[in-house]
Amino acid sequence: DTAITTASSTPAALWGPAAGVLLAVVMAVSCVGALNGWTLLSAQLPMAAARDGVLPRAFARENGRGAPVFGVIVSCLLATVLVICNYNRSLVDLFKFSVLLSTAATLLPYLAGAAAWLWRGNGGASRLAAAGALAFSLYALGGIGAEALLWGAGLIVAGLPIYFWLRR
């Protein structure tokens, strides 16, 4: 009975076979676009951090065409290690975990920035915006789950020795 309900609620069953094909094409384009964006971001962000002196200078080096090759290679290696560490998951579970982990890794610094903004901000409107940002980041962190939160915190903690080494 559940299989019949699930099958009858697919786009192809509701709007015809063309809708199912169209939806699949749109999802494929979306996935390729997201992968492209993350690949570019995974190298550009470390390059900017290296230019600011937060990461080693190797991340700031560019090849003849202006691409931060070292950052691309390191990011791909880290992603590969992440996949290997989670080899026993299904592809859907691995994708879900990756999304939650990237959310955690983004939200933890966002949380710290919002807290600092609330503490050191000037004016009522500024502090109100900081309180809203802090509340949102706490709410979002609560929704990602303990596993992704611990992995995200672990990744940040793993980067602290490099940060302190470069700052001295």
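The values are calculated or read from the model by the stated rules, or taken from the named source; none is laboratory data. In this text, all values refer to a predicted model and were calculated from it rather than measured experimentally. Cβ coordinates were reconstructed from backbone atoms using ideal geometry, including for glycine residues, and neighbour counts include every protein chain displayed. Accessible surface areas use protein heavy atoms only, side chains included; no ligands, DNA or RNA. Shrake-Rupley method; radii C 1.70, N 1.55, O 1.52, S 1.80 Å.
Remarks
- Split the accessible area of segment 21-150 by element, probe 1.4 Å, and carbon with sulfur accounts for 73%.
- Cβ-placed point charges (K, R +1; D, E -1), dipole of the chain about Cα centre in debye, nearest 20: 720
- Most tightly packed first, judged by the mean number of other beta-carbon atoms within 10 Å of their residues, the peptides 80-91, 100-111 read 100-111, 80-91.
- Sorted largest first, extent of segment 92-167 alpha carbons per principal axis (Å): 44, 34, 14
- Rg ratio (alpha-carbon, reference 2.2 N^0.38 Å) - the chain: 1.34
- Two-decimal Rg to Rh for segment 37-134 - Kirkwood Rh, Cα set: 1.10
- Segment 69-168, accessible area per residue, ligands and nucleic acids excluded (1.4 Å, Å²): 68
- Contact order normalised by residue count of the chain, Cα under 8 Å, 6+ apart, percent: 17
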